[in-house]
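To start, the structure itself, in structure tokens.
Read the figures in this text as sums done on the coordinates, not as results from a lab. Remember, predicted model here, so these are calculated numbers, not experimental data. Here Cβ is always computed from backbone atoms with ideal geometry, including for glycine, and neighbour counts include all displayed protein chains.
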Amino acid sequence: MKLAKSEQDRETLIDPSSKAWEGTPAQALSLSPVPLEAQPNEYIRASWATRSYGKTGEVSATALADNDRLYVRLQWEDDPAPNEEFPDAAALVLGNGDLGTLGSSEQPLSLWYWAADRDEPLSLTASGPGVFARNGDNGISGAADLSNGRWSVVIAGPLAALAGDQLGVVVWNGSNQERAGLAAVSSWVALEKE
Amino acid sequence: MNIQAQNRQIAWVVDLNKCIGCQTCSVACKVLWTREDSEKAQWWCSVNTQPGEGTPRGWENMGGGFEEQTHRAKPGEQPTPADFGGGFEFNHEEVFYGGSAGKVHLEPQAPREGRWAMNWDEDQGAGEWPNSYYFYMPRLCNHCSNAPCLRSCPSKAIYKRDDGLVVRDEDACLGARFCMEACPYKKIYFNYDRHVAQHCIGCFPRIEAGVAPACVRQCPGRAVFVGWLDEEQSPVSRLVNEWKVALPLHPEYGTRPNVYYVPPLSPHPLNEDMSVNTEKSRIPPEYLESLFGSEVHGALDFLNAEMAKTREGKTSELMKTLIAYKWQELLGPFAVDPAEIIATG
Ligand code: SF4
Ligand code: SF4
């Protein structure tokens with residue numbers, strides 16, 4: 001995926017519907033469910049054994065950077081079923097390790113986690129599916145727009161955090177009660193800096 | 001006060017023969033721990049009329065806990081705030097100051113259809129006159145020894161302290177809510193503003209200062225005991241281990257709860273001709289068995305026998321303990337007066 005350099009200011013870049021995103025080609029990423037066997041405890045495996053999750057099959061992603069921040073816009077089809085309890089959510093994954101299981105205790109990954117019911121995204125350390133711990137505030141920001149049945153979410157954070165020039169994407173379908181390790185995840189995508 | 005707590009277990013015993021359903025325990029807890037707007041539906045301690053659907057509504061059919069045969073985790077439902085029914089506004093203004101005395105009565109301000117206000121719509125009971133019956137049952141988190149809430153949490157936010165209390169680190173909780181499904185007692189609530197689940201903390205800051213939990217200390221019925229389960233001469237230990245008259249609620253859930261109940265005795269029912277049927281109790285023993293397991297029959301027999309002893313003028317250690325002539329006896333080692341504690345930090 002191309003990581004295009006932008007001269008726009010931060011407010012423009014964080015806006016999912018700003019013109020800044022227009023010149024850069026989006027890349028379609030296919031997602032698949034985090035495996036049931038990898039879920040971290042018996043309760044979760046038992047209660048989801050006969051239900052499917054990770055229902056978001058595809059996301060389109062675009063990446064921009066200014067001098068010190070990375071901005072990624074994710075867009076996907078919203079599930080029209082109402083969100084009764086859990087929010088729709090998405091995350092960028094940074095680091096090196098097993099993306100399919102959202103990290104492991106030996107090789108934790110970083111999550112920049114956006115959720116529709118939170119004012120600000122969270123920075124999390126992921127050591128397995130749903131095995132997440134909060135980090136302090138490390139300058140993650142986000143903005144979202146839901147229109148015509150499509151989510152458009154920009155998640156941004158310090159460019160310096162980008163390890164190994166690769167990114168992963170996770171999406172939780174809140175209408176399907178997806179949360180923690182019950183999610184759809186992409187494969188690692190290499191970022192080609194301009 | 002130095003509370004020795006190395007892998008010990010704090011336990012509660014509630015004497016259902018003495019609970020008068022006043023909800024003082026519920027309110028004592030509420031004003032201490034859940035006063036935020038976002039905690040409106042949270043009643044960490046709640047008292048229901050039995051038989052009834054309880055709070056949250058129908059909680060006994062919501063799953064969670066462990067399968068009886070296989071001991072495997074059993075999927076459960078997450079109760080909704082409406083099921084908890086604890087967040088209603090009441091028409092206090094109208095009743096007290098509205099100039100309509102005698103015409104309007106106090107009532108939760110929500111359409112009756114589907115409404116389930118705690119200590120209101122759930123106040124049911126069973127049986128037909130003249131043999132109707134009911135009793136009150138306070139419920140709080142059982143601080144289970146095999147806690148499914150703790151096991152179900154992917155971010156390991158819930159842990160069991162050395163004193164046996166099951167608590168949650170709210171900074172570690174990310175709001176996944178599996179604990180709410182896994183707890184078969186449905187005693188976990190969600191705070192939608194702070195995105196964390198919450199439940200009874202066993203008043204641990206009080207425990208650490210030698211003060212009994214609010215639900216115990218404030219009970220005007222002298223119905224609730226607290227103490228170490230392994231302290232042999234303590235009321236809690238004697239009631240549970242020695243006399244076996246205090247029983248866990250729904251032991252078949254497999255969580256090894258640490259709130260125990262002395263089952264309620266009841267008068268004999270009346271026959272159709274209004275004569276007394278001395279063969280039976282008004283509260284059907286099968287119903288009590290459905291709550292407390294088959295051990296309940298032995299417990300009731302022993303309670304009846306000890307009561308008979310005192311009627312004959314003999315003494316019964318069990319009756320003395322349950323009567324609790326000195327109310328401090330209910331508090332076990334946590335008898336420090338909270339008024340004497342100087343709060344710091
Ligand atoms: S305060 Fe005591 S008597 Fe009143 S409802 Fe609670 S346990 Fe029962
Ligand atoms: S009663 Fe529920 S919340 Fe309390 S320890 Fe047991 S399972 Fe956990």
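Where in the range B:236-345 are there chymotrypsin sites (Phe, Trp or Tyr not before Pro) that are in a DSSP coil and have at most 16 other Cβ atoms within 10 angstrom of their Cβ?
B:Y325
Normalised by the number of residues in the range B:243-306, what is the relative contact order in percent for Cα pairs under 8 Å and 6+ residues apart?
37 percent
Between B:V336 and B:H268, what length in nm is gained on full extension when 0.36 nm per residue of separation is reduced by their alpha carbon distance?
20.3 nm
Which whole-number percent is the relative contact order of chain A (Cα, under 8 Å, 6+ apart)?
This gives 29 percent for chain A.
Per 10 Å bin, what is the whole-percent P(r) computed from every C-alpha pair distance within the range B:305-344?
Going from the shortest bin to the longest, the percentages are 26, 33, 21, 13, 7, 1.
When chain A is modelled as a GNM with alpha-carbon springs shorter than 10 Å, which of A:S175, A:S127, A:S105 fluctuates the most?
A:S105
Let me spell out the model: positive unit charges on the Cβ of Lys and Arg, negative unit charges on the Cβ of Asp and Glu, origin at the Cα centre of the protein assembly as shown. What dipole size does that give, in debye rounded to 20?
About 1020 debye.
For a quick check of your reading of the filter: which trypsin sites (Lys or Arg not before Pro) in the range A:133-194 sit in a DSSP loop and have no more than 16 other Cβ atoms within 10 Å?
Taking the range A:133-194 and a limit of 16 other Cβ atoms within 10 Å, no loop trypsin sites (Lys or Arg not before Pro) are found.
Given a Förster distance of 56 angstrom, what is the FRET efficiency for B:I20 paired with A:S187, based on the Cβ-Cβ distance and rounded to 0.05?
0.35
Stretch A:S104-A:S147 to full length: gain in nm at 0.36 nm per residue minus the Cα-Cα span?
11.9 nm
Using the basic label-point model (7 angstrom from Cα toward the beta carbon), what is the B:H105 to B:D123 distance in nanometres?
Calculated label separation equals 0.9 nm.
Between A:K2 and B:R115, how high is the FRET efficiency from 1/(1 + (r/R0)^6) when r is the Cβ-Cβ distance and R₀ = 35 Å? Nearest 0.05.
According to the calculation, E is roughly 0.05.
For chain B, set up a Gaussian network in which alpha carbons nearer than 10 Å are linked by springs, and say which option among B:K40, B:K103, B:K156 fluctuates the most.
Ranking B:K40, B:K103, B:K156 by mean-square fluctuation puts B:K103 first.
Compute the semi-axes of the equivalent ellipsoid of the range A:2-193, taking the square root of 5 times each eigenvalue of the Cα gyration tensor, and list them largest first in whole Å.
26, 19, 14
What relative contact order, as a whole-number percentage, does chain B give when Cα pairs under 8 Å and 6 or more residues apart are counted?
For chain B, the relative contact order is 23 percent.
Could you pull out the pairs from B:K244/B:K320; B:K40/B:K186; B:K74/B:K160 whose alpha carbons sit more than 19 Å apart here?
Result: B:K74/B:K160 exceed 19 Å.
When the C-alpha atoms of the range B:1-126 are aligned to their principal axes, what extent does each axis show, in angstrom, from largest down?
The Cα atoms of the range B:1-126 stretch 59, 42, 34 Å along the principal axes, largest first.
Give me the tail of P(r) for chain B as a percent: Cα-Cα pairs with distance above 31 Å.
Across chain B, Cα pairs with separations above 31 Å total 35 percent.
I'd like the FRET efficiency for A:T125 and A:A49, computed as 1/(1 + (r/R0)^6) with the beta carbon distance as r and R0 of 25 Å, rounded to 0.05.
Between A:T125 and A:A49 the formula returns 0.35.
Run the simple label-point estimate for B:N146 and B:F90 please: 7 Å along Cα→C-beta, distance reported in nm.
4.1 nm
Mean-square fluctuation check for chain B, GNM, Cα pairs under 10 Å: which of B:L247, B:L318, B:L331 is largest?
B:L318
Please express the shape of the protein assembly as shown as an equivalent ellipsoid: the semi-axes are the square roots of 5 times the eigenvalues of the C-alpha gyration tensor, given largest first in whole angstrom.
Those come to 52, 25, 22 Å.
With a point put 7 Å past each Cα toward its Cβ, work out how far A:S60 is from B:R311 in nm, to one decimal.
For the pair A:S60/B:R311, the computed spacing is 8.3 nm.
Largest first and in whole Å, what are the equivalent-ellipsoid semi-axes of the range A:19-85 based on the Cα gyration tensor, each being the root of 5 times an eigenvalue?
Values for the range A:19-85, descending: 32, 15, 11 Å.
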